[in-house]
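The values are calculated or read from the model by the stated rules, or taken from the named source; none is laboratory data. Since this is a predicted model, take the numbers as computed values, not measurements. Glycine also receives a Cβ, built like all others from the backbone with ideal geometry; neighbour counts cover every protein chain displayed. Accessible surface is based on the protein model in full, side chains and every heavy atom, while ligands, DNA and RNA are left aside. Shrake-Rupley method; radii C 1.70, N 1.55, O 1.52, S 1.80 Å.
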Amino acid sequence: EKGGYDYFMLKEIAEQPKAVADTLLGRIDPSGSLTLDEVRISPSELREIDKVVIVACGTAFHAGLIAKYAIEHWTRIPCEVELASEFRYRDPILDGHSLVIAISQSGETMDTLMALRHAREQGSKVLAICNTNGSTIPRESDAVLYTHAGPEVAVASTKAFLTQLVACYLVALYLGQVRGTKWGDEIQAVIKDLSRISEEVERVLETMEPVRALARTLASKNTVLFLGRHVGYPVALEGALKLKELAYMHAEGFAAGELKHGPIALIEEDVPVVVVVPSPRGRSVLHDKIVSNIQEIRARGARTIVIAEEGDEAVVPYADHLIRIPATPTLLQPLVATVPLQVFACELATARGNEVDQPRNLAKSVTVE
Ligand code: F6R
């Protein structure tokens, strides 16, 4: 069952390159454009959309936060992301021109289901991104884009998250393609990069031994903080969530720019801080800012664990531990940056003697509100 791994979670982490490739399969045609025939919302309807609203819970919500950056950049359509449990209680503004995207691995999460029902009552179209064929959320949606992660057994979501990201990028790129934006060339280039990304995830997996060794040295810590900017911010949130649920440690993710607005007060001698560093190529201003954040926290005694692109030398002097990830376009970086955080949380849970696949108090699918 576990294919020689000690835990389903380890098996599912290892399956990520395949899960990512399978989710892309048949959706990029040989000419390099996207064919999402499954999205049974016609191109003319998609051209009428003036707002995208993403609803989801937990890890799927983090995928939604990342999707916002991609959708707004490639399509110029305003995009909101909201916790499904909050959504319908605030009387959200929706109409027939809003596209609501409900992201759910199980397809049975009650809060997400109630949010999409509310959206359909307002006349909005709902597109589900889901990993479970025939589950309730896709059945009640106007259209569905399935993620092909295969069954996810471990309670903590790993491969489903990566495939949710892939599905979100596909939707963003498809919307961009259908509506035509000034980013046409970039969209073409990113589609090419996406088709190679599964190999990059594989490369990350091959270099995880130092991350495991590092995690074991931190087993007696009380707190781990995570920092990121841009799409690295939701990655930081996801790293913190994985650590909470698996290692039962206090873990928090912050936007690095928020440090000086409060969280920096938490920095004390030897507290581990994981920093997700954006690529120094492309939007280099983001990179420079985060390098100064790393300097700041290190000057206050933090133990810096830096996740940075291969070839990024600027971070070296300030990194107590350096985790290298392959160079990717900025928006795609979460696909490679999340993997070390999953491995880190899994190893810490093991080192602390926790049950990896069945963390205390948690259920795989939350069918109550
Ligand atoms: C975290 C985790 C949960 C789920 C959340 C939504 O590792 O697994 O946070 O992501 O309960 O579940 P789905 O995606 O099934 O709607």
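So here's what we get for this one:
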item: Nearby aspartates and glutamates by direct alpha-carbon distance to K182 (threshold 16 angstrom, same-chain neighbours under 8 apart not counted); result: E72
item: Reach of K244 by Cα under 15 Å, taken over aspartates and glutamates that are not fewer than 8 positions away in the same chain; result: E252, E347, E355, D357
item: Projected area, mean over directions - the range 155-293, Cα convex hull, nm²; result: 10.3
item: Structure-based [θ]222 nm, the chain - -39500 (n - 2.57) summed over DSSP H runs of at least 4, per residue, nearest 500; result: -14000 deg cm²/dmol
item: Ranked packing of 153-161, 35-43, 242-250, most packed first, by mean Cβ within 10 Å; result: 153-161, 242-250, 35-43
item: For the range 292-308 and the range 237-252, distance of Cα centres in Å; result: 19
item: Average accessible surface area per residue within the range 1-153, 1.4 Å rolling probe, Å²; result: 41
item: Per-residue HN-Hα couplings for the range 106-123 [Karplus 6.51, -1.76, 1.60; θ = phi - 60°; Hz; x = Gly/Pro]; result: 6, x, 10, 5, 4, 4, 5, 4, 5, 5, 6, 4, 4, 5, 5, 4, 7, x
item: Out-of-range pairs (alpha-carbon distance over 23 Å; input K221/K289; K68/K192; K18/K242; K18/K221; K2/K192); result: K221/K289; K18/K221; K2/K192
item: Mean Cα-pair separation over length for the chain, i.e. relative contact order, pairs under 8 Å, 6 or more apart, %; result: 19
item: Packing rank of 337-347, 269-279, where each peptide gets the mean count of other beta carbons within 10 Å, highest leading; result: 337-347, 269-279
item: Label point distance in nm, D288-R352, each placed 7 Å from Cα along Cα→Cβ; result: 3.9
item: Share of carbon and sulfur in the accessible heavy-atom surface of the range 179-324 [1.4 Å probe, %]; result: 50
item: Whether the range 220-369 is rounded, prolate or oblate, judged on the alpha carbon gyration tensor where a/c under 1.5 counts as rounded; result: prolate
item: Ratio Rg/Rh [Cα only; Rh per Kirkwood] for the range 75-117; result: 0.96
item: Using θ = phi - 60° and Karplus 6.51 cos²θ - 1.76 cosθ + 1.60, couplings along the range 145-155 (whole Hz; Gly, Pro as x); result: 10, 7, 8, 10, 7, x, x, 10, 9, 4, 4
item: Projected area, mean over directions - the chain, Cα convex hull, nm²; result: 17.4
item: Share of pairwise Cα separations in the range 166-229, more than 16 Å, in percent; result: 66
item: Whole-number accessible area per residue in Å² for the range 213-289, which is evaluated in the context of all protein chains at 1.4 Å; result: 39
item: Heavy-atom accessible surface of the range 1-91: percent carbon and sulfur, 1.4 Å; result: 51
item: Tensor-based shape of the range 1-104 (alpha-carbon gyration tensor, a/c under 1.5 rounded, otherwise prolate or oblate); result: oblate
